[in-house]
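Undergrad: Take this structure, written in structure tokens, and hold onto it; I'll ask about it next.
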Amino acid sequence: MWRRVASLSPMISSSSPSRSLARNQAAFGLNIRESFATEISKPEEGAKSPFITFVLGGPGSGKGTQCEKIVETFGLTHLSAGDLLRREIAMHTKNGDMILNLIKDGKIVPSEVTVKLLQKELESSNSSKFLIDGFPRTEENRVAFERIVGADPDVVLFFDCPEEEMVKRVLNRNQGRVDDNITTMKKRLKIFEALNRPVIDYYKNKGKLYTINAVGTVDDIFKQVLPIFTPFEEQLKQSRHVNPKSPLVENSS
Ligand SMILES: Nc1ncnc2c1ncn2[C@@H]1O[C@H](COP(=O)(O)OP(=O)(O)O)[C@@H](O)[C@H]1O
Ligand SMILES: Nc1ccn([C@@H]2O[C@H](COP(=O)(O)OP(=O)(O)O)[C@@H](O)[C@H]2O)c(=O)n1
Ligand SMILES: [Mg+2]
């Protein structure tokens with residue numbers, strides 16, 4: 001289990017870069033453990049930093065659809081920010097009504113709420129490799145994840161799709177979503193351009209962005225996704241949750 005053990009230590013709660021590094025190390029059972037041994041619970045033997053992929057793209061660009069294929073092939077654990085927020089609505093939690101109103105209006109839920117939901121999933125999972133879908137949607141999302149979770153993505157996928165195609169797909173999605181209507185969609189596209197583009201540029205500048213042409217059949221698009229994970233083959237193989245059908249699993253015969 002991957003756990004951010006540093007959250008137990010008040011001594012390393014600042015968000016300054018050096019402390020953030022310390023927090024990162026603590027989270028993954030690295031050398032900070034020695035210095036704060038009495039305040040931090042013992043991480044699981046051999047705990048390592050998780051493999052994180054952020055999945056970006058406008059509404060209807062096919063993120064969720066491609067995530068399903070990535071899960072099938074590489075065994076990553078899929079965490080959809082939108083699904084986690086919709087679960088809050090369905091469960092009538094204290095933030096449920098606020099989230100519903102924001103989603104209906106195509107607006108972004110406060111980062112603290114979304115990041116805490118993601119953090120809970122990350123910490124309670126037995127997996128060590130994650131696909132975080134629909135996140136970060138804003139620079140504020142990105143910074144809050146860094147501050148609260150203390151981890152960086154290894155890969156950032158961006159499904160690049162023209163607006164007309166995204167509109168067509170969303171209006172045909174047929175999943176009964178409150179935001180799948182033309183009024184909300186227009187607002188979502190504006191918010192995507194204004195708030196998600198800077199995040200895309202940020203990861204482009206860091207050399208972590210993989211842009212995928214999201215027009216074509218699902219399989220054609222997945223053909224572009226496959227080779228992105230090849231350089232991470234070793235890391236992905238080591239995870240305990242790799243699908244047995246995955247091409248990354250070593251043949252034991
Ligand atoms: N390559 C594709 N071509 C046509 N339709 C697609 C394609 N990929 C996904 N879809 C459909 O478009 C809709 C939006 O896809 P989805 O994966 O939910 O996108 P996102 O998560 O980015 O909003 C769904 O109804 C899905 O079945
Ligand atoms: N990081 C995120 C992700 C989703 N959301 C909200 O949830 C809605 C649906 O997100 P989603 O990822 O399920 O949407 P799609 O891109 O899959 O259509 C967004 O329009 C936002 O209102 C958010 O506020 N912050
Ligand atoms: Mg989606």
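Computed from the coordinates by the stated procedures, all read-outs in this text should not be read as laboratory data. Remember, it's a predicted structure, so these values are computed and weren't measured experimentally. Virtual Cβ from ideal backbone geometry, glycine too; neighbours counted across all protein chains shown.
Undergrad: Between Asp97 and Glu193, what length comes free when the chain is fully extended (0.36 nm per residue of separation minus the Cα-Cα distance, one decimal in nm)?
TA: Values: separation 96, 0.36 × 96 = 34.56 nm, distance 2.60 nm.
Gain in length upon complete extension: 32.0 nm.
Undergrad: Still on this structure, please answer the following. Using Cα centres only, tell me the gap between the range 107-148 and the range 195-222 in whole Å.
TA: 18
Undergrad: 5 Å is the cut-off here: which amide hydrogens, built 1.01 Å from N in the peptide plane, fall below it relative to Ile52, excluding neighbours closer than 5 in sequence?
TA: Phe130, Asp154, Val155
Undergrad: Around Gly57, which amide H atoms from residues at least 5 apart in sequence, or from another chain, sit under 5 Å from its own amide H, with H modelled in the peptide plane?
TA: Phe159
Undergrad: Right, something else. What does the charge count around Lys187 come to, taking other residues whose C-beta lies under 12 Å from its C-beta (Lys +1, Arg +1, Asp -1, Glu -1)? Before the final figure, lay out the partial values.
TA: Details: positive: Lys104, Lys107, Lys186, Arg188, Lys190; negative: Asp105, Asp179, Glu193.
Here the count lands on +2.
Undergrad: While we're on this one: Tell me which residues come under 5 Å, amide H to amide H, from His78 once H is placed; ignore anything under 5 positions away on its chain.
TA: Leu131
Undergrad: Between Thr217 and Asp105, what's the calculated FRET efficiency when r is the beta-carbon distance and R0 is 35 Å? Round to 0.05. Working shown, then result.
TA: Details: r = 33 Å, r/R0 = 0.94.
That gives a FRET efficiency of 0.60.
Undergrad: Run the numbers for Asn126 and Ile228: contour at 0.36 nm per residue of separation, minus the present Cα-Cα distance, in nm.
TA: So the extension gain works out to 34.3 nm.
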